[in-house]
Structures are given as structure tokens and as C-alpha cells.
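Working notes, beginning with the structure itself.
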Amino acid sequence: MSQKNRIKLACLVLFLLAMTIALLTSNPAIRTAHAFAEGPNAGVTGAPGETTCAVSDCHGGQPNTGIGKLLISTPSVYEPGKTYEITVKHMTTDNSRRRWGFQLTALDQSNGKAGELQNSGSLTQVLPGGPGGNRQYIEHSFLGTFQGQRFQATWTFNWTAPSADVGPVVFYAAGNEANNDGNNTGDQIYTAKATVGSNGEVTGSPVIDSAEVTGKSLFVMGENFALEAVLLMDGVRQKKTFNDEATPNTLLFSKKSGKNIARGQTVVLQVRNPDGSMSNEFQFTRPL
């Protein structure tokens, strides 16, 4: 073969190789399975006007149907312009969960961007977008998927409050507890939200989102828990119930109520604020 023909053949091989790579990387089936390890597109936190990753052609299924939970730790109130540490945490007893992800946004009462989200390390990344392109998001990075890790995952980052008082700010988050099989099936999507007040006062009736038993204690998570709120279990007031010091409006704990709930038992929980406002009736079943 002449040198000229060898050059033509080499060019043809390189061209075919480039086309093959382009087709593979643009294939939706491949991108669906792998792309979100680097973080999803903006706008999947479950906030108003958004979906979550529990949709067709993503991870499928319905959110909050597994045994895990997603928690957001925030201050109970904010001062304009001050920077706070925010934590998002996955928890589960399902040892088949081997990879993790999340996305979070902070919105004011008009569902607009509230404050500034900021990375504090290489486990998260910040991006704009969402409805109207005017919201801001923080989510896991590729390194922040904790590949192979079981039972829990935690991300910590910073949020600088708005420069002026905009009223309560709501944090919305959705997260994925994945099985790390490289496909978009068998994963579990969870959602959470937390409200941060601007003046230390709650702005509505209490709401219970989740509960858990740790040791002898019962922990109740939600929003609008006023100071000295009362916890009721099956209509009975629980003694030694306290607001959490760091997040008093979103977390209550009763020191000894957990021991009164047997594994597999279902109880009805309610929170009553000092002004008489009552939360939803929340059915909690202690895992076996």
C-alpha cells in the first residue's frame, strides 16, 4: 500500500472513531444511566413549579416510598446578610443503597431566589436555572456521590441570607439513594423542606414531616414548631419534650417516648403550639 493510501486509511479510521464516540455520548439511554452522577440539571428539588428525579426517563417511581429519609438542617431564624452552615443528610437502614445525591434551592415567599448558596468543598457544586432561569441550586458533585458508602451521606455548605428581611425562607431538597448498579432503576428518591424564619416567630400551623426513634428518644421533624410546643402521641401529651437548640422550629424530641413504641407499632403524632394551632395527624410506624 502506498504512503498516500495509508494516510487516507488512517484518516478514515480516526473519522469513524470520532463518530462512534459522538453517537455514544449523545445516546439518551447512556446519558440517563450515568450523567446524573455529576449532578442533575437545575430544577428537580420538588419546589413549586419543579419536579423531582422520580419521573419517567430519570429514576422513575414515586418519592418517599422507601424506608430512608432526607433531612435538611438549617438555623431556625436568619439575620439579613449573615452566613450560615446548611446540612443535607440521607439516612436509611437499607444496606443496598450504595450511592447518593441531592439538589437544594432556597426560595422566598414569592418562590424567588433567596440568598446565596455557596460551596464549602469539593463535594458540592452551585448552578443557576430552574423555572424562569432565576433560581439558584446546590447539588452533589461526582466526588460527592460517596460511591460504595452505605446507610448515610452528608453534605455541608454555606448559605448567606438575603441582604434585607424577605420574610420566611423555605429550603426545598430532593435526593437519590441509589443502588450503584449504573442504571436508573431500583433507586429511591426522597424530598424534604425546611422553613427559616426572619424574626424567630413561626408563621403558620405546625407541620410534621417525619419521625424516628433513637434509643429511648422520639424525634419529630417538620416546620413551624413554636417554642414550648407540645407533642401528642395517640392524643396523650408526652412529657419531657423539647425544641432542639440549633433548629427549634423544625425539630422536637421527647426523651423517653421512643421506648413506648414497639417495633412494628403504629402511633399517631401531633404537635400543638402554645397558640392552640395543631399540626396534621402523622402516622408513624417504628421499623422492625
### Summary
Checked 186, 182, 235 against criteria (outside the structural domain of residue 91 (by TED's automatic domain parsing) and surrounded by fewer than 17 Cβ atoms within 10 Å (Cβ to Cβ)); the one match is 235
### Message
Could you check region 243-253 and list, in sequence order, the residues that are surrounded by fewer than 16 Cβ atoms within 10 Å (Cβ to Cβ) and either charged (D, E, K, R) or part of a strand (DSSP E or B) (or both)?
### Response
245
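For residue 269, are the conditions met, namely being within 29 Å of residue 168 (Cβ to Cβ), at pLDDT 95 or above and not assigned by TED's automatic domain parsing to the domain that holds residue 191? Show your work before the answer.
On the way: within 29 Å of residue 168 (Cβ to Cβ): yes; at pLDDT 95 or above: yes; not assigned by TED's automatic domain parsing to the domain that holds residue 191: yes.
Judged against the criteria, residue 269 is a match.
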### Task
All but one of (1) of a type in the set (A, V, I, L, M, F, W, C); (2) in contact with a Ser or Thr (Cβ under 8 Å, 6 or more places away or on another chain); (3) under 26 Å from residue 152 (Cβ atoms) hold for residue 230, so report the exception by its number.
(3)
### Query
List pairs: first in region 236-247 and more than 19 Å from residue 281 (Cα to Cα) and touching a residue at least 40 places away in the same chain (Cβ under 8 Å), second of a type in the set (D, E, K, R) and in a loop (DSSP other than H, G, I, E, B), Cβ under 9 Å, 6+ apart or cross-chain?
none
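The values are calculated or read from the model by the stated rules, or taken from the named source; none is laboratory data. Since the structure is predicted, the reported quantities are computational estimates derived from the model, not experimental observations. Note that we place each Cβ from the backbone using ideal geometry, even for glycine, and neighbour counts take in every protein chain shown.
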